[in-house]
Amino acid sequence: MLPWKLQQSHSGKGLQKVDEELAPLSAYLGVLGLTGITAYVGLTNIGDLKKGETLLVSGASGAVGSVVGQIGKIKGCNVVGIAGSNTKVDLMKGKFGFNKGINYKTTKDMKTAIKEACPNGVDVYFDNVGGEILDAALANINRYGRVINCGAISLYNKTETPTGPRHETILVKKSVKMQGFIVSDFQDQFEETTKQLGRWLQEGKLTYSETVKEGFDNIPNAFMGLFEGENEGKMVVKI
């Protein structure tokens, strides 16, 4: 939460002490940091994920989505991911253990693609992108389904307020819960969550990817690259 600076001066109050013996330091920016915590607290507090359910994840090869999918597999769920290239689909299935993947950039009909990938419907949808993919996911949501609104990156840079299908009928008819959150809502759970993620990492149940950009001056390019899907896993700048 500190500013982007080459040198920092801080009292240390409120900072997290990291353990380099548990994982490389950069892991505390990703799988053991806010992105990993975001995945865990969203699934746990809103998703109420149960064994045998179908979990659909957008932005699935990114820092949050890849952890979401792996937690889903740990909990015994059928996990389907959505990403923006065949390479990322292969990554989520090969490295992260997703059951199936959808490349939204080469898919003309997302509603049908999700239906085919999730023949028993979607029980929990972890949404990182919003927009038309959210519409397609809701068209396949099961009764008592849960939608976790973590991000809406497809809409962040829009200059006009977007419009789309009205979801109220689906939410009411199927008794669906849809809830947004920011990770700081669950700050009291951070310490225990990091411990759990660390245990899974040590046990080999959890892994991660990083896209590393070299040099402090590359911070703006790295940040903007997130909106073009240039990252696999966590985008990290090495100073």
Check your understanding: touching a strand residue (DSSP E or B) at 6+ places or on another chain (Cβ under 9 Å), over 16 Å from Gly198 (Cβ atoms) and buried (at least 18 other Cβ atoms within 10 Å of the Cβ), is that true of Ser85?
Key -> no
Point to revise | From the options Gly121, Gly130, Gly164, residue that is closer than 24 Å to Gly233 by Cβ and not β-branched (Val, Ile, Thr) | key: Gly130
Practice item. Find the residue count for the stretch 70-94, including only residues that are assigned to a loop (DSSP other than H, G, I, E, B) and either small (Gly, Ala, Ser) or at pLDDT below 95 (or both). Key: 3
Check your understanding: List, please: which pairs have Cβ atoms under 8 Å, are six or more places apart or on different chains, and start with a residue in the stretch 20-31 that is more than 16 Å from Ala63 (Cβ to Cβ) and end with one that is of a type outside the set (Val, Ile, Thr) and modelled with pLDDT of 90 or more?
Key -> Leu22/Leu32; Leu22/Gly198; Leu22/Leu201; Leu22/Gln202
Check your understanding: From the list Val129, Val124, Val147, which one is assigned to a loop (DSSP other than H, G, I, E, B) and either more than 22 Å from Asn99 (Cα to Cα) or in contact (Cβ under 8 Å) with a residue 12 or more places away in the chain (or both)?
Key -> Val129
Study note, to complete from the structure: When every residue in the stretch 27-67 that is in contact with an Asp or Glu (Cβ under 6 Å, 6 or more places away or on another chain) and not β-branched (Val, Ile, Thr) is compared, the one modelled with the lowest pLDDT is Ser61
Exercise for review: Could you grab me the full set of residues in the stretch 45-70 that are free of Cβ contacts under 8 Å to residues at least 40 places away in the same chain and either in contact with a Ser or Thr (Cβ under 6 Å, 6 or more places away or on another chain) or not basic (Lys, Arg) (or both)?
Suggested key: Gly52, Gly69
Revision key, fill the gap. When the stretch 180-222 is checked residue by residue, the ones that are under 23 Å from Lys17 (Cβ atoms), of a type in the set (Phe, Trp, Tyr) and not in a helix (DSSP H, G or I) are Tyr208
Exercise for review: Please work out which one of (1) among the hydrophobic types (A, V, I, L, M, F, W, C); (2) loosely packed, with under 15 Cβ neighbours inside 10 Å; (3) over 27 Å from Cys77 (Cβ atoms) is the condition Ile182 fails and give its number.
Suggested key: (3)
Practice item. Tell me which of these Arg166 doesn't satisfy, since it passes every other one: (1) in a loop (DSSP other than H, G, I, E, B); (2) modelled with pLDDT of 90 or more. Key: (2)
Practice item. Name the one entry in Thr35, Thr112 that is part of a helix (DSSP H, G or I) and under 23 Å from Gly204 (Cβ atoms). Key: Thr35
**Study point:** Criterion (in a loop (DSSP other than H, G, I, E, B) and free of Cβ contacts under 8 Å to residues at least 12 places away in the same chain) met by exactly one of Lys105, Lys5
**Key:** Lys5
Exercise for review: Hey, could you check the stretch 21-38 for residues that are among the hydrophobic types (A, V, I, L, M, F, W, C) and in contact with a Phe, Trp or Tyr (Cβ under 8 Å, 6 or more places away or on another chain) and say which is surrounded by the fewest Cβ atoms within 10 Å (Cβ to Cβ)?
Suggested key: Ala27
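The values are calculated or read from the model by the stated rules, or taken from the named source; none is laboratory data. Remember, predicted model here, so these are calculated numbers, not experimental data. Ideal geometry is used to build each Cβ from the backbone, glycine not excepted, and the neighbour counts take in all protein chains shown.
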